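Following: one structure in structure tokens, then a few remarks.
What follows draws every value from the coordinates through simple rules; no lab data is involved. Bear in mind that the values here come from a model prediction, so they are computed numbers and not experimental data. Glycine also receives a Cβ, built like all others from the backbone with ideal geometry; neighbour counts cover every protein chain displayed.
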Amino acid sequence: MRNVAIACQGGGSHAAFAAGVLKALLGSKLRSEFDLVALSGTSGGAMCAALAWAGLVMGSHDDAIDRLTRFWRDLEVHDLLDAAANFWSVFLARMPVTLEISPYAYEPVAAARMKELLFRHLAIEALPADPGRDPAALSGRSCARPAVLGWALHHQPSGPGVHGFAEAGAAG
């Protein structure tokens, strides 16, 4: 069986796409076609990787799919205020004149909400403190520990944001 490592892209809707791909790969039709040996990502892709990883560590492929689904459903537009905020942020981002502003120069508006959603869907308090580095872990066949992905959820105005996931290092 082929070993597969997945790196999830970030960038708003690209991360939503990564979530859909992960859900398909972890679904019952494809999961037996490969051994998942590592998950990683950047920005929103790191969130997707962490959600999938947490589901695999704590339950099963189905738990990973459920965590991804619930997280992205919580991010959907739910009311008129969400729709207006979406519209104006996209409109302003597409204007021909933009300002270059460091994301570390101010408190991101959505940071608290994203952190709350991640803590809720990752269930961090239930995750093992030392998940180990067993390469067979993510396949769900031999144990429930992740291979390469480490996670750190923090928010510091002068440093990495809520999506500060870090690679724990390769096994071996």
Practice prompt. Order these peptides, 109-118, 66-75, by their mean beta-carbon neighbour count within 10 angstrom, highest first.
Written response: 66-75, 109-118
Worksheet item: Order of 89-97, 26-34 by packing, highest average Cβ count within 10 Å first?
Response: 26-34, 89-97
Fill in: Burial ranking of peptide ranges 119-128, 7-16, 56-65, 41-50 (average Cβ count within 10 Å, highest at the top)
41-50, 56-65, 7-16, 119-128
Worksheet item: What are the residues whose amide H is under 5 Å from the amide H of residue 41, where those residues sit 5 or more places off or on another chain and H is modelled from the backbone?
Response: 8
Practice prompt. Using only the alpha carbons of the range 36-110, determine the length spanned along each of the three principal axes and report them from longest to shortest in whole angstroms.
Written response: 46, 29, 22
Worksheet item: Counting pairs of alpha carbon atoms under 8 Å apart in space and at least six apart in sequence, what relative contact order in percent does the range 1-128 give?
Response: 24
Practice prompt. Scan around residue 11 for amide H atoms under 5 Å from its own, H built in the peptide plane at 1.01 Å from N, and keep only partners 5 or more places away or cross-chain.
Written response: 44, 45
Practice prompt. Name the long-range amide H neighbours of residue 35: under 5 Å, sequence gap of 5 or more, or other chain; modelled H, no Pro or chain starts.
Written response: 2, 3, 4
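Under a Cβ-only charge scheme (Lys and Arg +1, Asp and Glu -1), can you give me the dipole magnitude of the range 1-129 about the Cα centre, in debye to the nearest 20?
For this selection, approximately 260 debye.
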Response to the item:
Here the equivalent ellipsoid of the range 6-77, derived from its Cα gyration tensor, has semi-axes (largest first, whole Å) of 18, 13, 11
